[in-house]
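Asker: The structure is given below, and queries will be raised subsequently.
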Amino acid sequence: WKNTKIEGYIRALCSMETDPSEHPNPVDVVVPEMSTFVDGTDEITVKMSEKQRKKKEDAKEYWKNKKIRNKNNIKKRKAEYQTKQEYLDSDLYVALKKKRLTKKKWKNTKIEDITFHKPTIAMDMRYEENMTEKQCRGAVNQMIHTYGALKRSERPLSLHFCSIGEYMSTLLDKNNVHNWKVHCHEQKPEELFNIEDLVYLSPESPNVLEEIDQEKIYIIGTIVDHNKKKGLSLGTANNLNIHTVRLPLLEYYGDVTFNKSLNVNHGK
């Protein structure tokens, strides 16, 4: 779990083993010149610097070239086999065929026909007003990574997007969330499920997650704040009397300097 952040939470919950190189590309969104708080309460705007613009352009170029590199690497590995039958008997062929069939099956299967495994995951998006527009876009980016890993898994989990606000709804619609095999709700998790069945994942929780209860619904707060607003998810859970837990990072890695607040997509 080291160096992992809402995809890291879900990885820990369903014990999926995914190759980071298979992660889908980040959402291709247009970043505006200025960034303001969603609720309009803060009039401070931050102009994108040339360094930030260059970094964004470099990231887009990286993901574009990565697709080409992956295709070239596969062609190179295929060329190492002397005969077609040797390739058909190889682990590479089996892996590529499995990946292709999994993708095709997921695409052609309706959500009501998918066998979802437990536990259920609820992504709590009530924190829209605590983030800037840029941070909201970052949260949606992480949710795209989460969904990409989930649909490649042999043990797909039932994923619920809860507390969807106006701006986050707009961002999700731009990324065709209506075609995703997820459940979208305007209601909050505590309005959809029984309180006693909920467990809120929070890095500030005093309780350590030692084992996963398959019958519980694990809530992940979709917060992107670069660790500036500590205690948001813990405060929400305490106010609602929802049990909280944290991943055992300290227990496994000791008091090290990495960030204990994980990304949305790193909880998987």
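Asker: Select from segment 225-241 the residues that are surrounded by fewer than 22 Cβ atoms within 10 Å (Cβ to Cβ) and of a type in the set (A, V, I, L, M, F, W, C) and write down the one among them that is modelled with the lowest pLDDT.
Answerer: Leu232
Asker: Something else about it: I'd like to know if segment 73-94 contains one or more residues that are part of a helix (DSSP H, G or I) and within 25 Å of the chain's Cα centre (by Cα).
Answerer: no
Asker: Quick check on segment 33-43. Is at least one of its residues modelled with pLDDT of 85 or more and open to solvent by less than 60 Å² (accessible area, probe 1.4 Å)?
Answerer: Scanning segment 33-43 turns up no residue that is modelled with pLDDT of 85 or more and open to solvent by less than 60 Å² (accessible area, probe 1.4 Å).
Asker: I want to confirm something. Restricting to segment 115-172 and keeping residues that are of a type in the set (Val, Ile, Thr) and out of contact with any His (no Cβ under 8 Å at 6 or more places or on another chain), which single residue is farthest from Cys184 (Cα to Cα)?
Answerer: Applying the first criterion (of a type in the set (Val, Ile, Thr)) to segment 115-172 yields 115, 120-121, 132, 140, 144, 146, 164, 170.
Those left that are additionally out of contact with any His (no Cβ under 8 Å at 6 or more places or on another chain): 115, 132, 140, 144, 146, 170.
Values: Thr115: 18, Thr132: 22, Val140: 13, Ile144: 14, Thr146: 15, Thr170: 13 Å.
Only one residue fits best here, namely Thr132.
Asker: Further, regarding this structure: Does segment 110-163 hold any residues that are of a type in the set (Asp, Glu) and either open to solvent by 10 Å² or more (accessible area, probe 1.4 Å) or in a helix (DSSP H, G or I) (or both), and which are they?
Answerer: Start the filter on segment 110-163 by keeping residues that are of a type in the set (Asp, Glu), which leaves 112-113, 124, 128-129, 133, 154.
Within segment 110-163, Glu112, Asp113, Glu128, Glu129, Glu133, Glu154 qualify.
Asker: Separate question: Is it the case that segment 182-193 has a residue that's at pLDDT 90 or above, among the aromatic types (Phe, Trp, Tyr), touching a helix residue (DSSP H, G or I) at 6+ places or on another chain (Cβ under 9 Å) and closer than 21 Å to Ile242 by Cβ? Write out each step before concluding.
Answerer: Keep residues of segment 182-193 that are at pLDDT 90 or above, which gives 182-193.
In the following step, the residues that additionally are among the aromatic types (Phe, Trp, Tyr) were identified as 193.
Subset that is touching a helix residue (DSSP H, G or I) at 6+ places or on another chain (Cβ under 9 Å): none.
No, that holds for no residue.
Asker: Here is a further query. I'd like the full set of residues that are open to solvent by less than 30 Å² (accessible area, probe 1.4 Å) and at pLDDT 95 or above, limited to segment 195-219. Give the steps one after another, and end with the answer.
Answerer: First, the residues of segment 195-219 that are open to solvent by less than 30 Å² (accessible area, probe 1.4 Å): 198-202, 205, 209, 217-219.
Leu198, Val199, Tyr200, Ile217, Tyr218, Ile219 - these are the residues of segment 195-219 that are open to solvent by less than 30 Å² (accessible area, probe 1.4 Å) and at pLDDT 95 or above.
Asker: Please go through segment 70-107 and give me each residue that is surrounded by 11 or more Cβ atoms within 10 Å (Cβ to Cβ) and of a type in the set (Lys, Arg), ordered by number.
Answerer: Answer for segment 70-107, where residues must be surrounded by 11 or more Cβ atoms within 10 Å (Cβ to Cβ) and of a type in the set (Lys, Arg): Arg77, Lys78, Lys97, Lys98, Lys99, Lys103, Lys105.
The values are calculated or read from the model by the stated rules, or taken from the named source; none is laboratory data. These numbers come from a predicted model, not from an experiment. Positions of Cβ are generated from backbone atoms using ideal geometry, with glycine treated the same way; all protein chains shown enter the neighbour counts. Ligands, DNA and RNA are excluded from the accessible area calculation, which covers all protein heavy atoms including side chains. Shrake-Rupley method; radii C 1.70, N 1.55, O 1.52, S 1.80 Å.
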